[in-house]
Each structure stands twice: as C-alpha cells, then as structure tokens.
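To start, the structure itself, in structure tokens.
The values are calculated or read from the model by the stated rules, or taken from the named source; none is laboratory data. Note that the coordinates shown come from a computational prediction; the quantities given were computed from them, not determined experimentally. Cβ coordinates were reconstructed from backbone atoms using ideal geometry, including for glycine residues, and neighbour counts include every protein chain displayed. Protein only, heavy atoms only, side chains kept; ligands, DNA and RNA dropped before computing areas. Shrake-Rupley method; radii C 1.70, N 1.55, O 1.52, S 1.80 Å.
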Amino acid sequence: MEAINSFISQVNGIVWGPVMLVLILGTGLFLMLGLKLMPILKLGTGFKLMWSGRTSRSDEKDKGEISPFQALMTALSATVGTGNIAGVATAVFLGGPGALFWMWCTALVGMATKFAEAVLAVKYREVDEAGNHVGGPMYYIKNGLGPKWAWLGMLFAIFASIAAFGIGNTVQANSVADVLDSNFGIPAIATGVVMMVLVGAVLLGGVRRIGAVAGALVPFMAIAYLIAGLLVLGINADKLPEAFELIFTYAFTEHAAEGGFAGAAVWMAIRFGVARGVFSNEAGLGSAPIAHAASQTKDPVRQGLIAMLGTFIDTLIICSITGLAIITSGLWMSGESGAALTSAAFAQALPGVGNYVIAIALSVFAFTTILGWALYGERSVEYIFGIKAITPYRILWILAIPLGAVTSLDFVWLVADTLNAMMALPNLIALILLSPVVFKLAKDYFDKGEGQPLSAVD
C-alpha cells in the first residue's frame with residue numbers, strides 16, 4: 001500500500017504541476033478574453049434565464065430529457081459536495097488563507113470555461129439507442145474536431161469513467177462516514193450501506209429521476225448552508241477585515257509555520273487553491289457539460305449562460321462562505337484539516353449546533369454529488385462500450401459506496417485529485433481548439449438581441 005501511495009503521489013505532483021495550473025487558468029483566461037468578459041457582464045442574464053428555465057418552452061420539450069434549470073441543478077449536485085466543506089478546509093490548511101484568493105481566480109475564469117463546455121455539449125450532442133440526448137467532451141471532440149481526434153475523446157471517457165469512482169463516489173462516501181461517526185457515533189459501514197440503498201433507488205429512474213431529485217434537493221441544501229454560514233460570519237463580523245487581509249497577503253507572500261499551520265510558500269497557496277477550486281466547481285474537468293447535454297433546449301448559448309452560474313454559485317458564494325468562516329474563527333492554525341476544521345469553525349460560532357449543521361450539510365451535499373457523478377460515469381462508459389454497459393456500471397457504482405466509506409481518507413483524496421487532472425487534459429485541449437466555434441455562437445446569439453428570459457422570447 002505504501003508503494004502504491006508513493007507512486008500516485010509522484011504522478012499527482014506531475015499532473016498538478018505548473019503546466020496543469022497554467023493550462024486551467026490559461027484556458028479560462030483565454031476564453032474569458034475571447035468572449036470579451038461576457039460571462040461576467042451577462043451574469044444577471046444568466047440568473048434570469050435560470051429562473052425562467054425551470055420549465056422548458058413548448059417547442060423544446062423533445063430536445064432533451066430535463067429542463068434547463070434541472071440540468072444546472074444536476075451539474076450543481078455534482079459540484080456542491082465535500083469540496084465545498086472539506087476541500088476548502090484542506091486548501092486553507094495546506095496552502096494558508098491565500099489559497100482562497102486563488103480559488104476565486106480559478107472560479108472567475110472558470111465561468112468562461114463552464115460556458116464554453118455547455119455550449120459545445122449542446123451543439124455537438126447526439127441521441128443514443130435509448131432515445132436519450134448524450135453529450136460532453138467525448139462527443140464535442142469526436143463531432144467537433146473530427147475522426148482524427150477521436151482518440152482524445154476516448155481518452156477522456158476512460159479517465160472520466162474511472163475518475164467518477166474517486167471524486168464522485170468514494171471521496172463523498174468517505175467524508176460522510178467520517179463526519180457522521182465523529183458527530184453521531186454512526187459506524188462507517190452503516191453509513192455506507194444506507195447511502196448505497198438510497199443512491200440505488202434514485203439511479204433506477206435514470207436521468208429524469210436524477211434531475212428531479214437534484215432540482216428539489218440542491219436549492220434547499222445550498223440556501224440552508226448559506227443561511228448558517230452567513231450567521232457564522234455575522235457573529236465573527238469584527239474579524240472579517242483581518243480575514244480579507246490574510247487572504248490577500250498570504251496569496252502573494254510566503255509565511256512561516258504558526259500554531260498548527262505548517263507554513264506555506266506562495267506556490268502552495270496557488271497549487272492548493274487552484275486544485276481544490278477545480279475539485280469543487282469542476283470548471284475545465286469536462287464533467288458538467290455531460291449534464292447540460294440532456295437539457296431541453298435548442299440553443300447552445302442559452303444553456304451556456306445558465307451553466308456558467310454553477311461555477312459562480314459553487315465557488316464564489318458557497319466556498320467563500322466556508323473559507324471565511326474558517327479564517328475568521330482563527331482555527332485554520334489549529335492543526336485540524338478537512339471537514340473537521342470546517343465543523344470546528346462553525347461549532348465555535350454556534351456552540352452545540354454548528355458541528356451538526358456541517359454534518360448534515362455535508363451528508364446531503366455528498367449524496368447529491370454521488371447522484372450527479374453516477375450520470376457522468378454512465379455516459380462515459382456508454383460512449384466506450386454502448387448502452388449495454390450502463391447496468392453493470394450502475395451495479396459497480398452502488399457497491400463502491402460502502403467500500404469508500406471505510407477507506408483511508410488521505411488515499412481517497414489523493415487518487416481523486418490525480419484522476420481529476422488526467423480528465424481535464426483532453427477537455428482543455430478540445431476547448432482551446434474549438435474556441436472559435438464558441439466565440440462565433442456567442443457573437444451571433446447576442447447580435448440577434450437574444451439573452452432574454454425564456455418567457456420573453458417565446
């Protein structure tokens with residue numbers, strides 16, 4: 001086990017090295033500039049489209065399986081997970097408060113990345129043998145770049161189908177088992193079995209049931225967590241100016257060890273801020289466009305405007321709440337890490353309640369993430385082997401949940417982190433090569449005076 005851990009650590013150091021960070025941030029920045037800052041300038045339009053997209057237009061009912069709003073909620077169900085609670089805490093613990101600044105940078109340019117991913121997913125999607133709309137990086141690589149690039153799409157599908165078991169399954173189950181055991185004394189295996197049963201019940205209904213469950217649970221859990229987080233920040237309001245000062249100084253300055261904080265160079269703040277930012281919002285991984293491809297819409301740009309909100313909501317709102325709660329508590333120097341650090345920060349402000357809030361929030365977040373990533377894994381394995389492979393994949397997916405619940409947390413995080421980067425590479429290459437298509441579609445869309453709520457353009 002030590003040899004395997006050492007090998008994966010070496011691979012992780014390579015795939016999350018300077019080249020990958022430049023690729024992720026560079027691709028996002030390139031797309032943002034090519035779109036002339038449109039994702040930021042049209043943020044309000046995106047929210048209007050999201051709200052009116054709760055139901056599809058009558059002429060688009062047969063264009064997909066779930067409404068534009070449900071597509072966003074399905075994508076958010078996969079991104080709003082342990083990364084928002086445990087991932088942010090790990091980034092601050094390893095990279096210092098400055099890691100939060102680099103998470104913000106990743107999210108800002110990531111909005112352009114997520115927009116481009118969804119636009120391409122809808123434009124190049126296909127209808128499979130079962131009549132479902134399928135799409136994502138493997139399809140926009142094959143249909144957009146042509147047969148000579150088909151190997152790249154296959155590479156993405158292989159990495160995604162395996163990576164799903166890390167980022168979307170075992171990491172989530174492990175974090176839930178850990179937090180429920182520490183707060184309620186529930187054995188890890190019991191948590192794993194219960195989650196296995198619940199996930200299995202939802203997966204039997206396919207993409208429509210996943211979309212319905214995500215559409216109901218995600219808004220509720222996100223709003224509840226935000227209210228609790230804002231309450232914590234309100235209690236620690238006097239510490240907020242100092243927290244922002246720490247974030248900006250640690251982002252550009254090396255700091256020595258202090259308390260339980262081991263000290264961090266600027267590179268560590270960037271490395272963990274970007275890595276955990278991508279782990280949380282998944283911009284550039286190529287996962288979210290798989291969900292957006294199932295949206296009942298015929299306009300790629302409209303879905304792109306809705307899709308980019310996922311990064312904004314996930315990182316710039318939810319992750320910021322978590323990070324600021326940790327930094328204002330002062331406990332980031334306590335030596336705690338992961339969900340335990342976030343739980344301690346909330347418990348300090350809300351004694352006797354805060355730790356339970358985190359335990360429940362993380363459990364719901366992780367449950368919906370497992371559902372969202374089940375869809376991503378299924379679509380990837382379908383691309384490789386056809387629809388006949390979906391049922392065996394679902395069985396393996398469900399059985400992996402209790403296994404993840406009792407596995408070492410550090411090892412699970414390491415594997416998930418490594419596979420994330422390997423997924424991102426084919427997708428980022430495709431986004432750069434297909435960027436002219438994205439720019440043209442966006443220009444044509446706004447030149448026609450579009451970008452209004454769905455009801456306004458019926």
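Quick one: if the Förster radius is 30 Å, what FRET efficiency do E129 and V193 give, using the C-beta to C-beta distance and rounding to 0.05? Efficiency computed from Cβ-Cβ geometry: 0.35. The slack between K443 and I395, meaning 0.36 nm per residue of separation minus the straight C-alpha distance, is 12.9 nm. Summarising the amide proton neighbourhood of Q296: residues at separation of 5 or more, or on other chains, whose placed amide H is nearer than 5 Å comprise E65, I66, S67. Carbon and sulfur together cover what percent of the accessible area of the chain at a 1.4 Å probe radius? Carbon and sulfur atoms account for 68 percent of the accessible area of the chain. The residues of the chain have, on average, 36 Å² of accessible surface per residue, using a 1.4 Å probe with all protein chains present. Of the residues G377, L33, L145, the one whose Cα sits farthest toward the positive end of the charge dipole of the chain, with +1 on the Cβ of Lys and Arg and -1 on the Cβ of Asp and Glu, is L145. Computed from point charges on the beta carbon alone (+1 for Lys and Arg, -1 for Asp and Glu), the dipole magnitude for the chain about its Cα centre is near 1180 Debye.
Here the spin labels are modelled as points 7 Å beyond Cα on the Cα-Cβ line, and at D410 and F47 they lie 4.3 nm apart.
What FRET efficiency comes out for L33 versus F184 if R0 is 45 angstrom and r is the Cβ-Cβ distance? Round to the nearest 0.05. Once rounded, the FRET efficiency stands at 0.40. In the set (1) 23.4, 73; (2) 24.0, 79; (3) 20.6, 61, the label that goes with Rg and Dmax of the Cα atoms in Å computed for this structure is (3).
Near A416, once Lys and Arg are set to +1 and Asp and Glu to -1 for all other residues with Cβ below 15 Å from its Cβ, the sum equals -3. Ordering W332, I398, Q348 by the projection of their Cα atoms onto the charge dipole of segment 297-435, which places +1 on the Cβ of Lys and Arg and -1 on the Cβ of Asp and Glu, puts I398 at the extreme positive end.
Computed from the Cβ-Cβ distance with R0 of 51 Å, the FRET efficiency linking K298 to I8 stands at 0.75.
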